[in-house]
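Student: Got a structure for you, questions after.
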Amino acid sequence: MSILGVSGLTKRFGQADVLRGLDLEVAPGERIAILGASGSGKSTLLRCLNFMEMPDSGTVTLDGKIVGRRESELIQVRQRIGMVFQQFNLFPHMTAIGNVMEGLRTVRRFPKAEAQARAEKELARVGLADKAASYPAHLSGGQKQRVAIARALAMEPELMLFDEPTSALDPELVGEVLGVIRTLADEGRTMLLVTHELGFAYHVATRVIFLADGVIHEEGTPDQVLVHPTKERTRAFLASHKEYSLQG
Amino acid sequence: MTYQWDFTPVLANSGLLAQGLVNTLKVTGTALVCGVVLGLALALLRLSPRSYLSWPAGFVIEVFRTTPPLVQLFWFYFALPLLAGIEMTPFMAAAVTFSIQSAAFFAEVFRGGIVSIERGQWDGARAIGMTQAQALRRIVLPQAVKRMIPAFMERAIELMKTTTLVATISYADLLYAANEISQKTFRPLETFTVAALIYFVVITAFSLAARQLERRLSVSGESTVR
């Protein structure tokens, strides 16, 4: 039984067909790494899953139920699917803990004390208990992204979407964010992760998907896709990524 | 040739000036409050993806931004009673005219502020399940308003000076009082100098307070850049 299903998903921006009838089933506990060249539709796929973008056609199924397009339904779905963005998208006018509490207070209508307790717990989970009172402007990129992860976790989502969570970070800050995601993976959380960190995908993902031309071009275990790819375009993509890496 | 300045006749009529100032502040205050509320509504309508909402809002905004305020005032005060049988006191006509007129300007200030907020802020808000309205109220507007303060101030000052036009429909504002005093005392230079000084003091105090507020916000709220 899959927790999330996608069927015949299409999305076009102007003249560009970004997704062309994509199908995907996600089982509980799966950790899916999504790879692909820039413009292959990775981010658009993620953004269609929680309707940050409206798919042009196709269906998204959550727990066996097809998701409709009414706002009341979408806000329910978005609470069940946490999302972490490349640019963090923290609210700059709120402190770290304010960011984490915001959804609980405004969306879930938690009493203040309860929201605060939950937010403190989530900040501690990402190792930022001592930064609760800091504004985003005073946090490093890695810390910002961890607050953003805590903000998503506070809503107790059933699955998490990570849209290139480390791509905007300085190299020395990538590790702390991947470390947090790794912990979430070890807890058995279901997640979809768009990433360029092939090593991380190899070690953490249970399945790797390679997108090309708006559909799944190749998929399989990390070993199958990353080490023994069968399709030419997958090989070319991996080769271009490995060209400058030390391990080769 | 030397002019003998004599302010005593003006000071003897300071009660009239004070009453005029109160009336000026009444019109300005009403127009500010109504203008901000109405301006936000117009801005939201204008930003709507539905053209049957955005188009009329855009039309109202453009009409009131591009026509002379004096004409608008005459229209509300003299034309409406003739055309629609709606009689208004000078104060009502002034309040309505300047409310709508400043709403048109504030709408553009609001719109500029709202669209200046990165799309990612909407994304972040929607991703945790906020409705469009919650995202606007909790996330986008608080940041937009901070960016709007200088433009808002500029408009408020402009508004207070534009309200001097109400003297033309016999509303006893500060300038109207000054005019009366100068005709009574034959001391126009002194009277209008004092009137100008009052505008200067009130507006300067107002902008200092606003700058203080701006500074406070930028300290507590942090900058809106990432």
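The values are calculated or read from the model by the stated rules, or taken from the named source; none is laboratory data. All figures in this text were calculated on a predicted structure; none of them were measured in a lab. Note that we place each Cβ from the backbone using ideal geometry, even for glycine, and neighbour counts take in every protein chain shown. To get the accessible areas, we keep the full protein, side chains included, count just its heavy atoms, and leave off ligands, DNA and RNA. Shrake-Rupley method; radii C 1.70, N 1.55, O 1.52, S 1.80 Å.
Student: Here is a list: B:Ala144, B:Ala133. Which entry is surrounded by fewer than 13 Cβ atoms within 10 Å (Cβ to Cβ), among the hydrophobic types (A, V, I, L, M, F, W, C) and within 14 Å of another protein chain (Cβ to nearest Cβ)?
Tutor: None of the others qualify; the one that does is B:Ala133.
Student: Can I ask one more? On the basis of being open to solvent by 50 Å² or more (accessible area, probe 1.4 Å), touching a helix residue (DSSP H, G or I) at 6+ places or on another chain (Cβ under 6 Å) and closer than 25 Å to B:Thr24 by Cα, does B:Ile61 make the cut?
Tutor: No; evaluated as a whole, the condition is false for this residue.
Student: I'd like the full set of residues that are touching a residue at least 24 places away in the same chain (Cβ under 8 Å), touching a helix residue (DSSP H, G or I) at 6+ places or on another chain (Cβ under 7 Å) and farther than 15 Å from B:Thr131 by Cα, limited to region A:56-80.
Tutor: Matches in region A:56-80: A:Val60, A:Leu62.
Student: Turning to a different aspect of this structure: Here is a list: B:Gly112, B:Gly120. Which entry is among the small types (Gly, Ala, Ser), surrounded by fewer than 19 Cβ atoms within 10 Å (Cβ to Cβ) and more than 14 Å from chain A (Cβ to nearest Cβ)?
Tutor: B:Gly112
Student: Related question: For B:Met160, all conditions in the list (1) in a helix (DSSP H, G or I); (2) within 14 Å of chain A (Cβ to nearest Cβ); (3) aliphatic (A, V, I, L, M) hold save one; what is the number of the exception?
Tutor: For B:Met160, the exception is condition (2).
Student: Assuming B:Ala177 fulfils every condition listed in (1) open to solvent by less than 40 Å² (accessible area, probe 1.4 Å); (2) within 14 Å of chain A (Cβ to nearest Cβ) apart from one, which condition is it?
Tutor: (2)
Student: While we're looking at this one, here's another question. For B:Gly124, all conditions in the list (1) outside any helix (DSSP H, G or I); (2) under 30 Å from A:Phe88 (Cα atoms); (3) touching a residue at least 12 places away in the same chain (Cβ under 8 Å) hold save one; what is the number of the exception?
Tutor: (1)
Student: Report, by residue number, each residue of region A:144-174 that is open to solvent by 10 Å² or more (accessible area, probe 1.4 Å), more than 9 Å from chain B (Cβ to nearest Cβ), touching a residue at least 24 places away in the same chain (Cβ under 8 Å) and not in a loop (DSSP other than H, G, I, E, B).
Tutor: A:Arg146, A:Asp163, A:Leu173, A:Val174
Student: Mind checking whether some residue in region B:70-78 is within 14 Å of another protein chain (Cβ to nearest Cβ) and either part of a helix (DSSP H, G or I) or open to solvent by 40 Å² or more (accessible area, probe 1.4 Å) (or both)?
Tutor: no
Student: Turning to a different aspect of this structure: Tally time: how many residues in region A:119-135 are within 13 Å of chain B (Cβ to nearest Cβ) and open to solvent by 10 Å² or more (accessible area, probe 1.4 Å)?
Tutor: Residues meeting the conditions: 3.
Student: A follow-up question, please. Residues that are open to solvent by 30 Å² or more (accessible area, probe 1.4 Å): list the helices (runs of 4 or more DSSP H) wholly contained in region A:1-118 that include at least 1 such residues.
Tutor: A:42-49, A:71-80
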